[in-house]
Ligand SMILES: NC(=O)c1ccc[n+]([C@@H]2O[C@H](COP(=O)([O-])OP(=O)(O)OC[C@H]3O[C@@H](n4cnc5c(N)ncnc54)[C@H](OP(=O)(O)O)[C@@H]3O)[C@@H](O)[C@H]2O)c1
């Protein structure tokens with residue numbers, strides 16, 4: 001079968017053996033896969049590793065075969081893949097054995113995947129295959145960051161730097177549905193416009209003076225994933241005692257932090273990563289209840305996937321990139 005693989009230090013479109021379902025597993029014929037920033041970082045993290053690895057965390061498709069002991073799914077069911085491996089119940093941090101699909105386990109950028117039946121969920125009925133393919137990783141991450149860690153409530157003002165990010169497009173929708181005021185930043189005017197269309201109340205330029213732009217307004221909760229380029233400026237616009245949740249660091253992990261300012265401000269800092277199956281199911285319920293539509297920037301065919309990698313590397317997108325595997 002065709003797949004995007006990393007092998008001998010190279011990212012390429014290659015051929016892999018078709019998978020077979022063992023006890024407790026299913027084989028899903030994938031129709032589409034969603035891209036995440038993690039995918040473009042994996043070749044760098046694997047260096048010149050020799051063995052082939054199929055990349056990809058997100059995907060949707062139809063169950064094609066079922067292994068022994070799986071009695072709650074049928075051949076022909078439309079399912080999405082839950083990339084948050086072996087984290088089933090909500091907890092303060094992922095349990096031992098947690099991994100994200102797509103390294104070290106083979107991922108979704110392929111015509112088929114074999115996966116534990118515990119790691120699939122029914123595809124939301126209001127979404128197309130393309131839309132459902134870009135949901136799980138980014139929306140789950142956003143959901144836990146905003147609600148479990150960030151404790152967002154009606155009437156809060158939330159600030160999301162980097163509005164073009166895939167996760168941010170879900171954060172904006174979740175926060176608006178909760179009755180929050182949503183402020184975002186983006187470096188690109190077109191993306192600021194799109195964020196407003198998606199429901200944001202105010203969109204400011206990431207490269208502007210935020211205090212000036214906010215004209216005295218302060219923030220209850222910042223959801224940070226841009227990293228070094230914005231972290232300290234995010235802290236500067238936070239209300240005294242406000243909360244900041246970090247789930248990514250696109251522009252570098254290491255920052256300088258003024259501890260005195262931090263403790264005088266009585267700020268609360270939370271880390272967040274992915275989420276449990278319990279949170280994924282709550283997110284899927286929210287998506288169906290509110291009729292959330294993932295924001296798709298562009299659809300590529302699997303065989304043109306390397307171009308999608310370049311697009312994501314340059315942060316050209318607003319929202320998510322899809323790799324279409326089957327029409
Ligand atoms: N911990 C987890 O479980 C988890 C899960 C998902 C993602 N993440 C991480 O969270 C981050 C966001 O993920 P994503 O997939 O949503 O990312 P993405 O779609 O690649 O978006 C990243 C956004 O960051 C902004 N950005 C990039 N370079 C910037 C710079 N130099 N200065 C200011 N802003 C910049 C851009 O926003 P504008 O173009 O709008 O300015 C860009 O759209 C990534 O670092 C990712 O690795 C972590």
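The values are calculated or read from the model by the stated rules, or taken from the named source; none is laboratory data. Not measured: the values here are computed from a predicted model. So basically every Cβ, Gly included, is an ideal-geometry build from the backbone, and we count neighbours across all protein chains shown.
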Sort out which residues of region 298-320 are in contact with a helix residue (DSSP H, G or I) (Cβ under 8 Å, 6 or more places away or on another chain) and either closer than 16 Å to residue 56 by Cβ or within 11 Å of the ligand (Cβ to nearest atom) (or both), and write them in order of number. 299, 300, 309, 312, 313, 317, 318, 319, 320
Restricting attention to helices (runs of 4 or more DSSP H) lying wholly within region 132-235, give those where 1 or more residues are within 11 Å of the ligand (Cβ to nearest atom). 136-143, 166-177, 189-198
Report whether or not residue 70 is touching a residue at least 12 places away in the same chain (Cβ under 8 Å), in a strand (DSSP E or B) and in the same structural domain as residue 47 (by TED's automatic domain parsing). no
With (1) out of contact with any helix residue (DSSP H, G or I) (no Cβ under 7 Å at 6 or more places or on another chain); (2) surrounded by fewer than 17 Cβ atoms within 10 Å (Cβ to Cβ); (3) under 28 Å from residue 297 (Cα atoms) as the list, and residue 216 as the residue in question, which single condition is left unmet? (3)
Within region 249-283, restricting attention to residues that are touching a helix residue (DSSP H, G or I) at 6+ places or on another chain (Cβ under 6 Å) and in a helix (DSSP H, G or I), which residue is surrounded by the fewest Cβ atoms within 10 Å (Cβ to Cβ)? 279
Quick test of your reading of the structure: residue 253 fulfils all but one of (1) within 12 Å of the ligand (Cβ to nearest atom); (2) within 16 Å of the chain's Cα centre (by Cα). Name the failing condition by number. (2)
Any chance region 297-304 includes a residue that's buried (at least 17 other Cβ atoms within 10 Å of the Cβ), farther than 24 Å from residue 28 by Cα and either modelled with pLDDT under 95 or touching a strand residue (DSSP E or B) at 6+ places or on another chain (Cβ under 8 Å) (or both)? yes
